[in-house]
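Colleague: Please read through the structure below; I'll follow up with questions.
The values are calculated or read from the model by the stated rules, or taken from the named source; none is laboratory data. This structure is a prediction, so every number in the text was calculated from the model and none was measured. Glycine also receives a Cβ, built like all others from the backbone with ideal geometry; neighbour counts cover every protein chain displayed.
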Amino acid sequence: MIPKEGHLLRIFIGEADRHGGAPLYEWIVKRAKEQGLAGATVLRGIQGYGSKNRIHSAKILDISTDLPIIIEIIDELEKIESFLPIIDEAIPEGLATVEKVEIRFYRFKEKH
C-alpha cells in the first residue's frame, strides 16, 4: 500500500543505453522490483533530444536506434530516495526528476 501523497521518479535515458550487457531500462526496472517499489512503467518516445541537442526520431526515413526512454516509478518519497543511489552509478547520461503526486487509487485483483 502506498500513501495518498506519493512521489513520481521519472528517469529519461536512451534506448541504446546498456548496463551489464542488458538494456539499462530493463536493469532499472529489475532493481526497482527487487527494492520493493510499488511499480514501474517504461515508455518509448517517438522523438526527443537531450543535453547534446541531437534529435532522436522514429521517422521511417530517419530510423534512430536510440529513441528516448522514460521510466516512471511511483512510491513514497523515502523509498524513492533510497533507490536513487542504487541506480545513480549505472546512468552515465540522462535525467532523473522527482515530483509530488496525489494518488487517487492503486488497485489490483488477486489471482485465483
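Colleague: Where residues in the range 93-112 are acidic (D, E) and over 28 Å from E15 (Cα atoms), which of them is surrounded by the fewest Cβ atoms within 10 Å (Cβ to Cβ)? Show your work before the answer.
Modeller: Here is the first cut: in the range 93-112, the ones acidic (D, E) are 93, 99, 102, 110.
Next, from what is left, pick out any that are over 28 Å from E15 (Cα atoms): 102, 110.
Numbers: E102: 7, E110: 4.
Selected residue: E110.
Colleague: Given the condition among the charged types (D, E, K, R) and at pLDDT 95 or above, answer yes or no: does some residue in the range 36-56 qualify?
Modeller: Within the range 36-56, none of the residues are among the charged types (D, E, K, R) and at pLDDT 95 or above.
Colleague: Applying the selection to the range 28-57, what residues are within 20 Å of D88 (Cα to Cα) and not hydrophobic (A, V, I, L, M, F, W, C)?
Modeller: Across the range 28-57, the qualifying residues are K30, R31, K33, E34, Q35, G36, G39, T41, G50, S51, K52.
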